[in-house]
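Quick notes on the structure that follows.
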Amino acid sequence: MTTLPLQAPARKGIDLRRGLRWGSAAVVLLVLLPLLALVWTAASGSGDLWPHLIQNVLPVALKDTVLLVLGVGILAGVVGTGTAWLVATCRFPGRGAFEWLLLLPLAIPTYIQAFVYVDAVHPLGPIPTAIRGLLGMKSPRDLWLPEVRSLTGCIVLLGFVLYPYVYLSARAAFLVQTASAIDAARTLGLGAWETFLRIALPLARPAIAVGVTLALMETINDVGASEFLGVQTLTLSIYSTWLNRSSLPGAAQIALFMLVLMLALVALERWGRRRLSVANVGARARPPVRRTLGAGQGALAFLFCLVPVTLGFLLPAGHLLHTAWRRFLFNGLPETVLVEAMNTALFAAVGTGIALACGLLLAVAFRSGALSSVALRVASLGYAVPGTVLAVGLLVPLAAFDNAVSGVSTQLFGVATGLLLSGSGAALIIAYVIRFLAIPVGGLEAGYGRIGTTMDMAARSLGQTPGGVIRRVHLPLLRPALGSAALLVFVDCMKELPATLMLRPLNFETLASHVYGEAARGTYEDGALAALLIVLVGLAPVILLARLSRPQAE
């Protein structure tokens with residue numbers, strides 16, 4: 001590991017390193033605190049509730065969660081890998097457009113997808129009505145459509161929303177596979193299908209495992225889509241146990257079980273990333289030449305790529321746009337939506353600013369040798385923790401802090417301060433920072449990897465202090481990484497639903513909680529405008545991702 005030169009003047013270098021060490025230790029402790037509190041709360045026991053949870057709640061929740069994870073993993077893996085192979089190695093009509101169109105479903109959160117489809121495929125919704133009109137049917141009873149409010153419906157919906165995670169990693173793997181391996185397979189008489197199954201797919205397997213793992217982590221974190229579609233997952237069980245039964249220990253026990261499952265997925269993802277270094281040995285070699293498909297094959301490839309784009313983005317975005325416009329013409333722009341948009345933007349902006357500051361502190365500390373790589377990985381652990389688990393873990397330490405401050409204030413001044421963090425906006429912002437800290441840490445760590453130590457030495461030789469090197473050399477060079485991280489964190493804070501539902505102050509609404517509330521009441525049109533705003537903002541990082549992932553040379 002290269003370290004930031006801190007030789008002269010020695011006193012300032014020592015002070016900076018000590019400050020970085022203490023500051024980064026505080027950030028790591030902040031990330032670990034809810035996880036440690038979760039273990040302590042779960043160990044305290046839930047009394048008579050735990051036997052009830054074991055007998056009646058966990059079996060159903062575990063079964064639905066496992067089936068949902070398996071179904072989404074298979075569907076997202078097949079769709080993501082298949083589209084990635086077609087776009088990376090074949091020529092067919094629309095291939096260039098599908099290269100970025102296939103990323104668009106990432107702009108729509110899973111709970112908004114469920115919100116849209118429950119409304120759109122209702123017996124009196126626009127899709128069944130249009131089909132009945134084409135077939136000349138008059139009664140809704142004359143047309144049968146699959147029930148979207150089911151485990152199967154949830155699998156299909158989430159699969160067509162989350163496949164871009166697999167598409168991105170698989171396409172990158174296919175693009176760096178050497179042409180020599182593909183050509184050798186063809187000279188041995190292997191056809192295109194056999195070449196894919198026996199050569200390309202095994203080489204891309206680690207990348208596919210990374211993408212599928214990320215999709216499954218999003219699946220487990222979901223609470224809105226599963227509730228709207230009637231699937232009793234572990235995440236939903238945590239929320240309902242805490243909200244309906246007022247049992248924090250019971251919710252913590254389910255959350256701890258769920259955390260073990262998430263850590264297993266993180267281990268799988270890390271394994272896949274380590275294997276990528278072996279699978280991508282030909283990353284600098286000549287990429288494979290795209291094979292031009294015939295008319296029939298080209299049409300099938302076009303349809304195979306069009307279906308996920310249509311189901312994952314075009315149809316739900318179109319329905320949202322139509323519904324929001326119709327609602328706007330009828331009722332204008334509701335004042336509550338403007339207030340909720342400002343609430344969302346304010347909290348997301350504050351959370352983004354603090355997350356960037358903490359991420360920069362950790363990245364600088366790691367570069368200077370004041371922070372170990374293990375501690376850096378621990379600080380990034382929050383992204384793997386579902387929002388419901390994080391919220392349950394934060395409730396106890398926040399309450400303990402409030403009680404301690406109130407006790408000291410009562411003893412010294414005779415005044416009880418009450419709740420300072422619990423039930424306030426600060427609790428929600430803390431959750432945002434912990435949950436999405438991994439984004440700036442990863443981006444800045446990669447950005448520092450492109451800054452050589454020679455620049456630091458040159459700046460130090462010109463009399464710059466260690467702080468001056470960071471301010472005048474590092475920050476300007478890290479501006480693109482900071483900008484990308486800020487955009488991603490802001491949008492993720494804006495879309496976050498589970499932690500927002502559990503930690504927001506009373507009578508405080510964001511766009512995400514507004515959409516959830518309208519869906520829970522069945523008033524879908526009233527939530528369409530808020531959902532559309534989230535989708536429009538969510539397009540920004542998708543566009544950025546499409547530009548960054550585009551191959552440099554076709």
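The values are calculated or read from the model by the stated rules, or taken from the named source; none is laboratory data. Everything quoted here is computed from the prediction, not taken from an experiment. Virtual Cβ from ideal backbone geometry, glycine too; neighbours counted across all protein chains shown. Accessible surface is based on the protein model in full, side chains and every heavy atom, while ligands, DNA and RNA are left aside. Shrake-Rupley method; radii C 1.70, N 1.55, O 1.52, S 1.80 Å.
Using a/c under 1.5 as the rounded threshold, could you call region 347-412 rounded, prolate or oblate? The axes a ≥ b ≥ c are square roots of the C-alpha gyration tensor eigenvalues, and prolate needs a/b larger than b/c, oblate otherwise.
Note, shape of region 347-412 comes out prolate.
Scan around residue 90 for amide H atoms under 5 Å from its own, H built in the peptide plane at 1.01 Å from N, and keep only partners 5 or more places away or cross-chain.
HN-HN under 5 Å from residue 90: 291.
Summarise the accessible area of the chain (1.4 Å probe, protein heavy atoms) by the percent that is carbon and sulfur.
Numbers: 16980 of 25190 Å².
Carbon with sulfur: 67 percent of the solvent-accessible area.
Counting only heavy atoms of the protein chains, get the accessible area per residue of region 299-411 (1.4 Å probe) and round it to a whole Å² value.
43 Å²
Hey, can you list the DSSP H helices of the chain whose Cα span along the axis is 18 Å or longer and whose average Kyte-Doolittle score is at least 1.6?
Counting only whole DSSP H runs, the qualifying helices are 58-89, 151-176, 295-309, 524-549.
Run the 1.4 Å probe and let me know the accessible area of residue 401, rounded to the nearest 10 Å².
Here the accessible area works out near 100 Å².
Under the rule of -39500 (n - 2.57) per DSSP H run of 4 or more residues, summed and divided by the residues of the chain, what mean residue ellipticity at 222 nm is obtained, to the nearest 500 deg cm²/dmol?
-24000 deg cm²/dmol
If you take the square roots of the eigenvalues of the alpha-carbon gyration tensor of region 48-179 and sort them as a ≥ b ≥ c, do you get rounded (a/c under 1.5), prolate (a/b over b/c) or oblate?
Note, shape of region 48-179 comes out oblate.
Could you let me know the centre-to-centre spacing of region 154-171 and region 50-101, using Cα atoms, in angstrom?
5 Å
Mind giving me the nanometre distance, one decimal, between the label points for residue 149 and residue 540, set 7 Å out from Cα along Cα→Cβ?
3.6 nm
Which length gain, in nm to one decimal place, applies between residue 372 and residue 458 when the Cα-Cα distance is subtracted from 0.36 nm times their residue separation?
Stretched fully, the residue 372-residue 458 segment lengthens by 28.4 nm.
With a ≥ b ≥ c the root eigenvalues of the C-alpha gyration tensor of region 115-162, is it rounded (a/c under 1.5), prolate (a/b larger than b/c) or oblate?
The shape class here is prolate.
Can you tell me the relative contact order of the chain? Whole percent, Cα pairs under 8 Å, sequence separation 6 or more.
Relative CO of the chain lands at 25 percent.
If you take the beta carbon distance between residue 295 and residue 142 as r and set R0 to 35 Å, what does 1/(1 + (r/R0)^6) give as a FRET efficiency, to the nearest 0.05?
0.40
Identify which of the listed values of Cα Rg over 2.2 N^0.38 Å was calculated from the structure shown: [x] 1.00; [y] 1.05; [z] 0.94.
Structure-derived value, by its label: [y].
Using DSSP loop states and a limit of at most 16 other Cβ atoms within 10 Å to flag trypsin sites (Lys or Arg not before Pro), what is the longest stretch of the chain containing no flagged site? Walk me through the numbers on the way to the answer.
Values: sites that count: 138, 149, 245, 284, 290, 450.
The reported range is 291-449.
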